[in-house]
1. Output the residues belonging to the range 24-83 that are among the acidic types (Asp, Glu) and closer than 19 Å to GLY285 by Cβ.
2. Picking from ILE291, ILE284, ILE301, which residue would you name as being more than 19 Å from SER75 (Cβ to Cβ) and either touching a Ser or Thr at 6+ places or on another chain (Cβ under 8 Å) or within 16 Å of the ligand (Cβ to nearest atom) (or both)?
3. Got at least one residue in the range 295-302 being under 23 Å from VAL208 (Cα atoms), in contact with a Pro (Cβ under 9 Å, 6 or more places away or on another chain) and of a type outside the set (A, V, I, L, M)?
4. Of all residues in the range 314-325, how many are over 15 Å from HIS58 (Cβ atoms) and either within 13 Å of the ligand (Cβ to nearest atom) or part of a helix (DSSP H, G or I) (or both)?
5. Take ARG116 and decide whether it is over 18 Å from the mean Cα position of the chain (by Cα), buried (at least 16 other Cβ atoms within 10 Å of the Cβ) and of a type in the set (Lys, Arg).
6. Considering only residues that are among the aromatic types (Phe, Trp, Tyr) and within 14 Å of the chain's Cα centre (by Cα), which ones fall in the range 253-292?
7. Hey, any hits in the range 59-75 for a residue that's within 16 Å of the ligand (Cβ to nearest atom), touching a Phe, Trp or Tyr at 6+ places or on another chain (Cβ under 7 Å) and either modelled with pLDDT under 95 or in a helix (DSSP H, G or I) (or both)?
8. Considering only residues of the range 148-163 that are in contact (Cβ under 8 Å) with a residue 24 or more places away in the chain and part of a helix (DSSP H, G or I), which is surrounded by the fewest Cβ atoms within 10 Å (Cβ to Cβ)?
Amino acid sequence: MTTKNHTMKNLFLLLFVCFGLTVLATKPRPSDLKATPEAVKLYQKMLKLQQKGMMFGHQDALAYGTSWYAEEGRSDVKDVCGDHPAIFGWELGHLELGDKYSLDSVFFDNIKKGIRYAHELGGINTISWHFRNVLTGGTAWDVTSKKTVASMLPGGEKHQEYFQYLDKLATFLLSLKTKKGTLIPVFFRPFHEHTGSWFWWGKNLCTVDEYKTLWRFTLNYLRNEKNLHHLLYAYSTDRFSTVEEYLERYPGDDLIDLVGFDLYDRGPEYASTLGNCAMMLTKIGAEKGKIVAVTEAGGPISKNTEWWTKTLLETLHPYNLSYALVWRNPFNQPPRVAFGPYKGCPSENDFVKFYNDPKTLFLKDIK
Ligand code: BMA
């Protein structure tokens, strides 16, 4: 080979490596610089899917339904349309107490199994945590003290107790593994609906600074002390009227992977509020390069027979949202309080239409 040929070959090689590195560097990455390969893959997959359609999610989908409890492989959604949701919501409230089952009566062992089951079928798991008020000993809804958040932060009187909560949480999260032993990537969505004031971490119960510090301190502990890197973090408000309001308590791009909001249909202004929030949020998401979702929703599906297509789908159709998740179908309450579809529900047929619409994605669509 001549020297000229040799130089050309090296040049091509160099260009090839540079190109490869650029492709790698420009692919979006989660906020955690040490995210596991599986968490990175999930993050990138969701950003891609967000352009394709809107996934459907259901809280406690695999845990129970309006007329059954803990039947492996069953979900009310599947009973109605033949496929599971793509997004599976789970709740960890009471894990911090060392209990065997959650505040919604689901055994933590079954949550573990369900998360693995969903993951192995190609589904995506997201975890909420309505954990107790560490200062008063009350529930997540105990808003009698404005000092709870401050008490949990460094220097606060309940700081050590909060560590104990977080240690239990970390142990549980580290037990979420595939059969081969790989950690399953999951979304974690704590301190939600904080633009309202019904949880101890809500707007009127702590300052902006305390709320942001709570996030930063918590994630720093989970990431750097507990070494959890299989989590993606969701920031989700309740209703909001402006971008500034949405971002007022946003803890930072280095902590958050998904921006979302929760909104329930409690009156005629629902569709317009939902649409406005979705519009503002998709802009925020696009600017930040984050996943965007309606992290909780729910409507009068036992009365309004076209809620799925006419209210939810029609309103959200114009936007590129990753998913919309509806809240739970309690097994121990009358079916009319369910937010997800169920066999015999008056809006059952409409849900099948919603399922068949090309915009909505269910489990089989995202494999
Ligand atoms: C609420 C209700 C409660 C439940 C809580 C946590 O919206 O569904 O019954 O305990 O969420 O999942």
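1. Across the range 24-83, the qualifying residue is only ASP32.
2. ILE291
3. No, the conditions are met nowhere in the range 295-302.
4. Qualifying residue count, the range 314-325: 3.
5. no
6. PHE261
7. So far as the range 59-75 goes, no, none of its residues is within 16 Å of the ligand (Cβ to nearest atom), touching a Phe, Trp or Tyr at 6+ places or on another chain (Cβ under 7 Å) and either modelled with pLDDT under 95 or in a helix (DSSP H, G or I) (or both).
8. Only one residue tops the list, namely PHE163.
The values are calculated or read from the model by the stated rules, or taken from the named source; none is laboratory data. Everything numeric in this text was worked out from a predicted model, so none of it was measured. Every residue, glycine as well, gets a Cβ built from its backbone with ideal geometry; the counts of neighbours run over all protein chains shown.
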